[in-house]
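Q: Got a structure here, written out as structure tokens. Questions coming.
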Amino acid sequence: MFAEGMPVLSGTLSLLLSRRFLPLFLIQTSSSFADNEFKSAFTMFATYRLPLSGAQAGMLGAAAAAMVVVPFMLYSANAARMADSIERGVLLRGLKYFELVTALVAVAALLIGNLTSGLIALFAFGAQAAVSSPVKYALLPQYLKEDELVAGNGLFEGGTFIATLVGGILGNLAAEPHWGAQVAGGILIASVLVGVVASQFLEPAPCPNPGARISWVPLKGAGIVIRQAAALPAIHLPILGISWYWVIGAILLSQFPAWTKQSLDADNTVVTLFLTVFSVGILIGAVLCGRLLKGETSGRLAGPSALIMAVALFDLWFANPAAHPPVENLLGIIGFIVSPEGWRILVDLAVIAVCGGVFVVPLYAVVQQRSPPDQRASMVAANNIWNATFMTIAAAVCALMLALGVSVPGLFAVLAAGTLVTAVLSFLYLRQMDG
């Protein structure tokens, strides 16, 4: 099944086909696909098939995003202890079986069209991801050589966003009136099964601290891992940069449906186009950063890439058409592309995505390389907690702003300002740490 006996291939392809990486890659991408396929199906179903206003649709998108990330705040610290005390291949296999049960609940939610059940399923997917993330990211430096870390993280992040793209596209089928929910549910189960099978081929990965005690109390230990990371500025500052990147991605992806329908007068095919541009752009950026850094683990690209992202976000805000009453006939892909603002918006999204990949992938490698081996899972957990905290606060602020009458394009202006601050801080601090 794997390429251990094949002639040696060059670069990232050889890494991708190796047994020490491919099963982990399939586990990561299948989970990302499943999470986003269901979230997209659930959000599109609610936006286009239920009588929700623009503000209600936007708030639902923010709530769906929060259900995925809140578990990272609750369970990441304890997940790090599990990653350090249980053989990691065994742990990942168990988590994939839990994900399969969650997928069955999610399919039921789609078929009956119940919003509460859908949000519960999203929370369960988030819990599975929260526990498995420290395991997967701690395994990368355990399986890979030091000069493979940037390439491995690039494949991880690029594959994740391509999985997000394809999952989002197929999840959009749930917006169809008759058969979409059944197809989306079947695809969801199939994708989870891919991860279950891949987990059977993981190479052994001994845990560094088999005697560590595991607590099942949510949030317990979170303060400890956060303080451990804060004591290491060379790790803590990249973590904060990664967290802001996820704020940008979470807000854009969660608001695509409402923004497309309410501000751009476009249908769900244009949402798919945006997902395509954004996800392919992330993949390009993830691959590009490896070439720019030539295997070096460095944060020196963070400042320039964040600055360009900020400019593109400001332009995305300016590119939106003026407020107007809702229209009855929504634009398809062709109608949107030939509209005055169509190409400008697509270029802005592509620039944001490419620069996002260049920004975040090296920061992941920095955190993994600079973490002490016996604290690596804890540093990944601290990263996840900060990511979740940032995204949860962002989701709450988005919901509040939307409830107060701020438009979705207004959120883009806030993102642009925050990204500009991130760029300045990256120039001041992250680049200096490479010296």
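Q: Does PHE123 satisfy the criteria of being surrounded by fewer than 20 Cβ atoms within 10 Å (Cβ to Cβ), touching a residue at least 12 places away in the same chain (Cβ under 8 Å) and of a type in the set (Phe, Trp, Tyr)?
A: Yes: the conditions hold for PHE123.
Q: Within region 232-285, track down each residue that is of a type in the set (A, V, I, L, M, F, W, C) and assigned to a loop (DSSP other than H, G, I, E, B).
A: The first filter runs over region 232-285 and keeps only residues of a type in the set (A, V, I, L, M, F, W, C), leaving 232, 234-235, 237, 239-240, 242, 244, 246-248, 250-253, 256, 258-259, 264, 266, 270-271, 273-275, 277-278, 280, 282-284.
LEU232, LEU264 - these are the residues of region 232-285 that are of a type in the set (A, V, I, L, M, F, W, C) and assigned to a loop (DSSP other than H, G, I, E, B).
Q: Another one. Residue check: is ALA103 touching a helix residue (DSSP H, G or I) at 6+ places or on another chain (Cβ under 6 Å) and at pLDDT below 80? Let's see the steps before the verdict.
A: On the way: touching a helix residue (DSSP H, G or I) at 6+ places or on another chain (Cβ under 6 Å): yes; at pLDDT below 80: no.
Considered against the rule, which asks whether it is touching a helix residue (DSSP H, G or I) at 6+ places or on another chain (Cβ under 6 Å) and at pLDDT below 80, ALA103 comes out as no.
Q: Does at least one position in region 367-376 carry a residue that is surrounded by fewer than 23 Cβ atoms within 10 Å (Cβ to Cβ), more than 19 Å from ALA230 (Cβ to Cβ) and of a type in the set (Lys, Arg)?
A: no
Q: Cβ-Cβ below 9 Å, separation at least six or inter-chain, first residue in region 406-420 and more than 15 Å from PRO257 (Cβ to Cβ), second among the β-branched types (Val, Ile, Thr) and not in a helix (DSSP H, G or I): which pairs?
A: What qualifies is VAL414/VAL406.
Q: Can I ask one more? Do you know which of the residues in region 83-94 that are surrounded by fewer than 24 Cβ atoms within 10 Å (Cβ to Cβ) and touching a residue at least 60 places away in the same chain (Cβ under 8 Å) is nearest to PRO210 (Cα to Cα)?
A: SER85
Q: Given (1) in contact with a Phe, Trp or Tyr (Cβ under 9 Å, 6 or more places away or on another chain); (2) within 23 Å of ILE337 (Cα to Cα), identify the lone condition not met by LEU301.
A: (2)
Q: Here's another thing I want to ask about it. State all residues of region 384-408 that are more than 28 Å from SER76 (Cα to Cα) and crowded, with 19+ Cβ neighbours inside 10 Å; if no residue qualifies, say none.
A: Residues satisfying the conditions are LEU402, SER407, VAL408.
Q: Separate question: Here are some conditions: (1) farther than 19 Å from CYS398 by Cα; (2) at pLDDT 80 or above; (3) surrounded by 20 or more Cβ atoms within 10 Å (Cβ to Cβ). LEU15 meets all but one. Which one does it not meet?
A: Answer for LEU15: the failing condition is (2).
Q: Could you tell me whether region 267-287 includes any residue that is under 20 Å from VAL166 (Cβ atoms), polar (S, T, N, Q) and without any contact (Cβ under 8 Å) to a residue 40 or more places away in the chain?
A: No, the conditions are met nowhere in region 267-287.
Q: Same structure again: Out of all the residues in region 214-236, is one or more surrounded by fewer than 21 Cβ atoms within 10 Å (Cβ to Cβ), among the aromatic types (Phe, Trp, Tyr), in contact with a helix residue (DSSP H, G or I) (Cβ under 9 Å, 6 or more places away or on another chain) and on the phi < 0 side of the Ramachandran plot?
A: Yes: region 214-236 contains one or more residues that are surrounded by fewer than 21 Cβ atoms within 10 Å (Cβ to Cβ), among the aromatic types (Phe, Trp, Tyr), in contact with a helix residue (DSSP H, G or I) (Cβ under 9 Å, 6 or more places away or on another chain) and on the phi < 0 side of the Ramachandran plot.
Q: Follow-up question, since we're still on this one. Looking only at region 370-387, count every residue that is within 16 Å of CYS207 (Cα to Cα), polar (S, T, N, Q) and assigned to a helix (DSSP H, G or I) and tell me the total.
A: Residues of region 370-387 within 16 Å of CYS207 (Cα to Cα): 371-381.
Next cut, polar (S, T, N, Q) only: 371, 375, 378.
When the remaining residues are screened for being assigned to a helix (DSSP H, G or I), the result is 375, 378.
Counting residues in region 370-387 that are within 16 Å of CYS207 (Cα to Cα), polar (S, T, N, Q) and assigned to a helix (DSSP H, G or I) gives 2.
Q: Related question: Has region 28-40 got any residue that is among the polar types (S, T, N, Q) and modelled with pLDDT under 75? Even if it seems obvious, please write down each step before you answer.
A: To start, the set of residues in region 28-40 that are among the polar types (S, T, N, Q) comprises 28-32, 36, 40.
Now drop any that are not modelled with pLDDT under 75, which leaves none.
No, that holds for no residue.
Q: Could I ask something else about it? For region 89-139, what are the residues that are of a type in the set (S, T, N, Q) and under 19 Å from PHE42 (Cβ atoms)?
A: Residues of region 89-139 that are of a type in the set (S, T, N, Q), as a first pass: 102, 114, 116-117, 128, 132-133.
Scanning region 89-139 gives THR102, ASN114, THR116, SER117, GLN128.
Q: Of (1) part of a loop (DSSP other than H, G, I, E, B); (2) buried (at least 20 other Cβ atoms within 10 Å of the Cβ); (3) in contact with a strand residue (DSSP E or B) (Cβ under 9 Å, 6 or more places away or on another chain), PHE336 satisfies all except one. Which?
A: (1)
Q: Just checking, does region 134-149 include any residue being without any contact (Cβ under 8 Å) to a residue 40 or more places away in the chain, of a type outside the set (D, E, K, R) and touching a helix residue (DSSP H, G or I) at 6+ places or on another chain (Cβ under 7 Å)? So that I can check it myself, show each step before the final result.
A: Step one: filter region 134-149 for residues without any contact (Cβ under 8 Å) to a residue 40 or more places away in the chain, giving 145.
Cutting the leftovers down to of a type outside the set (D, E, K, R) gives us none.
No, because not a single residue in region 134-149 is without any contact (Cβ under 8 Å) to a residue 40 or more places away in the chain, of a type outside the set (D, E, K, R) and touching a helix residue (DSSP H, G or I) at 6+ places or on another chain (Cβ under 7 Å).
The values are calculated or read from the model by the stated rules, or taken from the named source; none is laboratory data. These numbers were taken from a predicted model, which means no experiment stands behind them. Virtual Cβ from ideal backbone geometry, glycine too; neighbours counted across all protein chains shown.
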